Amino acid sequence: MAIIETRDLTKHYFLGKKKTVIGLEKVNLQVNQGEIFGILGPNGSGKTTCLKLLLGILFPTAGEAYIMGKNPHDINMKQHVGFLPENPYYYDYLTGPELLRFYASLFSLETQTTNARIEQLLELVELHNAKKLHLRHYSKGMLERIGLAASLINDPEILILDEPTTGLDPIGCRDTRNLLLQLKQQGKTILLSSHFLSEVERVCDRIAIFHRGNLLALGTLDGLNKQYQATNLEDLFVKTISSFDNQEAAKTGDVT
Amino acid sequence: MKKMWLIGLNTFRESMRKKTLYIILIFALIVIGASKLFSFLTAEEELKMIKDVSFSAIEFFGALMAIFGSLYAISTEIERRTIYTLLTKPIRRSDFVLGKFFGVSMIVLINFILMTVFFIGLLFFKKSPPDLQVFKTLLLIFFELMLISGITLALGTFTSDAFNIICSFFLYIVGHLTSYGKELVERTENIIVRGLTDMLYTLVPNYENFNIRDKIVVGLNVSWGYVGWTILYGILYLCIALYIALYFFEKREI
Ligand SMILES: Nc1ncnc2c1ncn2[C@@H]1O[C@H](COP(=O)(O)OP(=O)(O)OP(=O)(O)O)[C@@H](O)[C@H]1O
Ligand SMILES: [Mg+2]
């Protein structure tokens, strides 16, 4: 059974009278346990919207979302989920360890576990030399790193990452990639969104391509390449999106 | 329940480190301190002056802290998107809202205590230790500040910052004038005007109920009964405000 699932998940943003923006349109996704699943798509295609709906930050206009068979507002489910928002910002006046400790307390972790994990995670994201620094003095990449550490504080079964490598240097990107693969080996499920095709190509078991809120393609990279007669991910990306745009153009063309 | 505290403590810790509210506190202390500069008054008049100015300063600057503290408690979390990291943790939205209220209450309480200690120190310095009436006045001021925090917090769950500030100050001013307003209006014959003001009178919390300083300063006594009922009145309004906050925040998209 799928560990993350959406059924006809739809989100329309209502901006005043008669003005709506489509965030997501009838998306059916299934992420299996133990896989790394990548969501791709141009800017504004609905990736973040989809992740926010799954986590209960937004409420769907229609359709349903489930994580571990539970709805997005289930507190017990959230105990097992880690989340990294896009371009994360944290509490300016806390230090890295304080931030992690605060989040650990929200998961009701024991002090010993918390202490051990903070050390381990700071080591992992290489911020152990910045322990006394307030977060407002962090660089963009350091914030991304502390965010990654924060998303792992509860040793989650499911990790949801919105553009985890934006802002990281090449070494940080590689380290993150290795970390994700390592987590997968531990049996974790990872759902991520990304703009870095080469990275997605290297770590993801399956991918989904979003465009204007629609799910255009879903499957393994090889399967999709065959289906769309594409040579690589970039080719696939361009092909699916332009064919959708052409169809839409044809439709509106028919009407007028 | 415990998570609510954790969020409250974090709010408190952040605002203590941010130090913005200290500016208001310093102003308040200056005003309280300045009240003793009127040395041309007789000793008795001077004491009245100190009490009057100090009560007013504690109330006014406390209200500023309550309003700005509550305003920023929720809106900065949303603006800086730190709220995403909280709502995706195993906490209820109600833990978040009530936690924020507790955090702001702690901030207001600490500042209130600092101002009060300064004021009472001043009274001792003037060889006039505070009596029970002074404490009654302070107690009611504190409950008024709690109510102001609750109302700004509630407004913050469904309005913009700018609108919230305007509304909060509007309520603060109107809430202190309702008694006068009602007296004025009672003389008019116009039913619509009376109906409207009656409605306003019941909807807007009557902050003036919490104001007993005019009586205390001139040496009148206020009964514990009045203090008790007013506190109850404050708690009732506060519960309504928090209920509104929870109701709107439960459905809010961020
Ligand atoms: N709060 C909001 N109010 C109105 N419209 C919104 C809101 N959030 C997102 N949208 C719209 O929904 C669409 C999808 O946005 P979303 O943030 O999900 O895109 P994305 O795929 O994450 O883009 P990016 O790659 O730039 O992060 C966009 O057209 C965006 O303008
Ligand atoms: Mg996005």
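The values are calculated or read from the model by the stated rules, or taken from the named source; none is laboratory data. The shown structure was predicted, so the numbers you read here are calculated from the model rather than taken from an experiment. Glycine also receives a Cβ, built like all others from the backbone with ideal geometry; neighbour counts cover every protein chain displayed. Side chains included, ligands, DNA and RNA excluded: accessible areas come from the protein's heavy atoms. Shrake-Rupley method; radii C 1.70, N 1.55, O 1.52, S 1.80 Å.
Any idea how many residues of the range A:38-62 are small (Gly, Ala, Ser) and over 19 Å from B:Ile254 (Cα atoms)?
2
How many residues does the range A:168-190 hold that are without any contact (Cβ under 8 Å) to a residue 40 or more places away in the chain and under 22 Å from A:Met77 (Cβ atoms)?
2
What helices (runs of 4 or more DSSP H) completely inside the range A:191-256 contain at least 3 residues that are within 23 Å of A:Pro164 (Cα to Cα) and either free of Cβ contacts under 8 Å to residues at least 40 places away in the same chain or outside the structural domain of A:Thr20 (by TED's automatic domain parsing) (or both)?
Answer list for the range A:191-256: A:197-203, A:233-255.
Give me a count of the residues in the range A:189-208 that are within 17 Å of A:Gln30 (Cβ to Cβ) and open to solvent by less than 30 Å² (accessible area, probe 1.4 Å).
Of the residues in that region, 8 qualify.
Show the residue pairs meeting these rules: Cβ distance below 9 Å; 6+ apart or different chains; first residue within the range B:47-60 and without any contact (Cβ under 8 Å) to a residue 24 or more places away in the chain and farther than 13 Å from B:Ile216 by Cβ; second residue polar (S, T, N, Q) and open to solvent by less than 10 Å² (accessible area, probe 1.4 Å).
B:Met49/B:Ser35; B:Val53/B:Ser35
Pick from the range A:12-24 the residues that are within 16 Å of ligand 2 (Cβ to nearest atom) and open to solvent by 10 Å² or more (accessible area, probe 1.4 Å): which of them is farthest from the other protein chains (Cβ to nearest Cβ)?
This residue is A:Ile22.
On the given criteria, is A:Arg145 in contact (Cβ under 8 Å) with a residue 12 or more places away in the chain, in a helix (DSSP H, G or I), within 28 Å of A:Gly46 (Cα to Cα) and open to solvent by 30 Å² or more (accessible area, probe 1.4 Å)?
Here the answer is yes, as A:Arg145 does meet what is asked.
Could you list, in sequence order, all residues of the range A:231-256 that are surrounded by fewer than 20 Cβ atoms within 10 Å (Cβ to Cβ), under 16 Å from A:Leu40 (Cα atoms) and hydrophobic (A, V, I, L, M, F, W, C)?
A:Val238, A:Phe244
Among the listed residues A:Thr10, A:Thr61, identify the single one that is touching a His at 6+ places or on another chain (Cβ under 8 Å) and more than 8 Å from ligand 1 (Cβ to nearest atom).
A:Thr61
I'd like to check something: does the range A:57-69 contain any residue that is touching a Phe, Trp or Tyr at 6+ places or on another chain (Cβ under 8 Å), within 16 Å of ligand 2 (Cβ to nearest atom) and not β-branched (Val, Ile, Thr)?
no
So, in the range B:218-235, exactly how many residues are assigned to a helix (DSSP H, G or I) and closer than 18 Å to B:Ile141 by Cβ?
Result for the range B:218-235: 11.
Considering only the range A:32-126, give the helices (runs of 4 or more DSSP H) lying wholly within it that have at least 3 residues that are more than 14 Å from chain B (Cβ to nearest Cβ) and open to solvent by less than 50 Å² (accessible area, probe 1.4 Å).
Fully inside the range A:32-126 and qualifying: A:111-124.
If I filter the range B:66-84 for residues that are within 22 Å of the chain's Cα centre (by Cα) and more than 30 Å from A:Tyr90 (Cα to Cα), do I get at least one hit?
No, the conditions are met nowhere in the range B:66-84.
Okay, residues lined up against (1) among the aliphatic types (A, V, I, L, M); (2) within 28 Å of B:Phe248 (Cα to Cα):
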| residue | (1), (2) |
| --- | --- |
| A:Pro60 | no, yes |
| A:Lys70 | no, yes |
| A:Asp74 | no, yes |
| A:Met77 | yes, yes |
| A:Tyr91 | no, yes |
| A:Arg101 | no, no |
| A:Asn115 | no, no |
| A:His128 | no, no |
| A:Gly141 | no, no |
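Could you check B:Thr137 against (1) open to solvent by less than 10 Å² (accessible area, probe 1.4 Å); (2) hydroxyl-bearing (Ser, Thr, Tyr); (3) closer than 23 Å to B:Leu6 by Cα and say which number it fails?
The failed condition is (3).
Could you please let me know if A:Thr111 is more than 16 Å from ligand 2 (Cβ to nearest atom) and more than 17 Å from the chain's Cα centre (by Cα)?
The answer is yes for A:Thr111.
I need the helices (runs of 4 or more DSSP H) fully contained in the range B:143-217, keeping only those with at least 1 residues that are under 27 Å from B:Ile74 (Cα atoms).
B:161-185, B:191-203
Scan the range B:222-254 for residues that are under 24 Å from B:Ala57 (Cα atoms), surrounded by 12 or more Cβ atoms within 10 Å (Cβ to Cβ) and touching a residue at least 24 places away in the same chain (Cβ under 8 Å) and report the count.
The number of residues fulfilling the criteria is 9.
Looking only at the range A:26-56, count every residue that is more than 13 Å from ligand 2 (Cβ to nearest atom), within 17 Å of A:Leu159 (Cα to Cα) and among the aliphatic types (A, V, I, L, M) and tell me the total.
Count: 5.
Quick check on A:Ile39: is it among the hydrophobic types (A, V, I, L, M, F, W, C), at negative phi and at pLDDT below 95?
Against the criterion (among the hydrophobic types (A, V, I, L, M, F, W, C), at negative phi and at pLDDT below 95), A:Ile39 does not qualify.
Here is a check on your reading of the model: is A:Asn87 modelled with pLDDT under 95 and within 16 Å of ligand 1 (Cβ to nearest atom)?
Judged against the criteria, A:Asn87 is a match.
What number of residues in the range A:13-28 are within 14 Å of ligand 1 (Cβ to nearest atom) and touching a residue at least 40 places away in the same chain (Cβ under 8 Å)?
So the count comes out to 5.
Looking only at the range A:155-168, filter to residues that are within 16 Å of A:Leu55 (Cα to Cα) and away from ligand 1 (no atom under 16 Å from the Cβ); which one of those is most open to solvent (accessible area, probe 1.4 Å)?
Per the stated criteria, the residue is A:Glu157.
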